[in-house]
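A quick write-up on the structure given underneath.
The values are calculated or read from the model by the stated rules, or taken from the named source; none is laboratory data. For clarity, every value in this text was computed on a predicted model and none was experimentally measured. Note that each Cβ is placed from the backbone with ideal geometry, even for glycine, and that neighbours are counted across all protein chains shown.
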Ligand SMILES: *Cc1c(COP(=O)(O)O)cnc(C)c1O
């Protein structure tokens, strides 16, 4: 490569390409209050051929050379090309396992069902992919002399865990605003343990968001929510990574749960770059799955995206997607439309039972993944997804963050949910005879005599 390529990226208004900002500017929206996106100098990236990019990404994968061993920073030229490697804050996120869920697929009526376990990562959710980029940029900005006192986010649990961890690693003060009593214990303890200032507010996510926006505006605190499009740059690597894991073959469908809708937008953005740079030549179809209790995108989809109304998000077991006014709505609609997409929804009962069904095949799903799996079941049942098609379901968080929900399911204590597949713990006296009696009874009950 000669002369040395000068990769560049900047913030650009979604609706007015003439409005650009440097990535080290503290700016989250365009002049009209609309979202920004990060744009790359594609002409410069095109000087490297598709096969050279593939080889570069493969050579870096799962190695340790700083910072390219990260699934995100292995694609640094496509993510944040101008950042100094010394300012990257990474815990080698990405490279999560993508595996063939054979038994569960059979139960769903699919021969080629795959799960991408984005929860197998440092803080247990895909939010790490975006947060490594955002926090790295903050470190870079501070190194360039910008005054940023702290980073902050509103969160339904996973964003705050990721922000707290990456900020702690970089010695940047962090504060997180959570809806009181609405996130799991595991999610709450992560930012507490990582030393963030943790504020529990008597409101929901949308209420926390309103407050953190004011804190960002009035108090010089850097906003780490996904309206900050730096996060999207990291999250977009998930689609690239899936295709890379299939040796650059494109699956037929990718199913993803959606709340604030940054992640489905990010997925499309990664695919867009691969298409434009020639790494792939066809598109998968996308499915965004929402909880029926918090389904503004689903409702808009029913109107052909003609009408969008924020909803008051009702409580859902899928607490990370209990969002009524998704910030990335416009980006998500664009993604769904361009990828021949579908929006599905799942009720509380559907998501809980689906999690249990899948868990019985050896998976261990978070409730949001349950929403995606329940949506997949519906689309297989109604013939939209064909038996032989290759389907990837993005599992967004680790099930271990949501054990409260699983415990209550198996103890049959979830309100309004039948628990079709309960597996209660068998309490028994500590004697061989008592154990034997119980064991035989249980074998008989489960498998017949
Ligand atoms: C954040 C999150 C989502 C939703 O992602 P959006 O970008 O808000 O649509 C889904 N699942 C889990 C586990 C999450 O943490």
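Here are some notes:
- Of all residues making up region 134-146, the number that are part of a helix (DSSP H, G or I) and more than 14 Å from the ligand (Cβ to nearest atom): 9
- Output for region 352-369, where each listed residue is under 18 Å from the mean Cα position of the chain (by Cα) and either more than 12 Å from residue 395 (Cβ to Cβ) or within 13 Å of the ligand (Cβ to nearest atom) (or both): 355, 365, 366, 367, 368, 369
- Of everything in region 297-327 that is over 28 Å from residue 240 (Cβ atoms) and part of a helix (DSSP H, G or I), the residue that is farthest from the ligand (Cβ to nearest atom) is 302.
- Of everything in region 337-358 that is in contact (Cβ under 8 Å) with a residue 60 or more places away in the chain and more than 22 Å from residue 308 (Cβ to Cβ), the residue that is surrounded by the most Cβ atoms within 10 Å (Cβ to Cβ) is 351.
- Of all residues in region 147-161 being in a loop (DSSP other than H, G, I, E, B) and more than 11 Å from the ligand (Cβ to nearest atom), the one that is surrounded by the most Cβ atoms within 10 Å (Cβ to Cβ): 150
- Residues that are surrounded by 15 or more Cβ atoms within 10 Å (Cβ to Cβ), in a loop (DSSP other than H, G, I, E, B) and at pLDDT 95 or above, drawn from region 28-40: 30
- Selection of region 340-351 for residues being more than 15 Å from the ligand (Cβ to nearest atom) and touching a helix residue (DSSP H, G or I) at 6+ places or on another chain (Cβ under 6 Å) yields only 350.
- All positions within region 166-209 that are touching a strand residue (DSSP E or B) at 6+ places or on another chain (Cβ under 6 Å), buried (at least 16 other Cβ atoms within 10 Å of the Cβ) and assigned to a helix (DSSP H, G or I): 167, 191, 205, 208, 209
- Selection from region 250-264 of residues that are touching a residue at least 60 places away in the same chain (Cβ under 8 Å), in contact with a helix residue (DSSP H, G or I) (Cβ under 7 Å, 6 or more places away or on another chain) and over 13 Å from residue 98 (Cα atoms): 255, 256, 257, 258, 259, 261, 262, 263, 264
- Filter pass, residue 388 being within 16 Å of the ligand (Cβ to nearest atom) and in contact (Cβ under 8 Å) with a residue 24 or more places away in the chain: no
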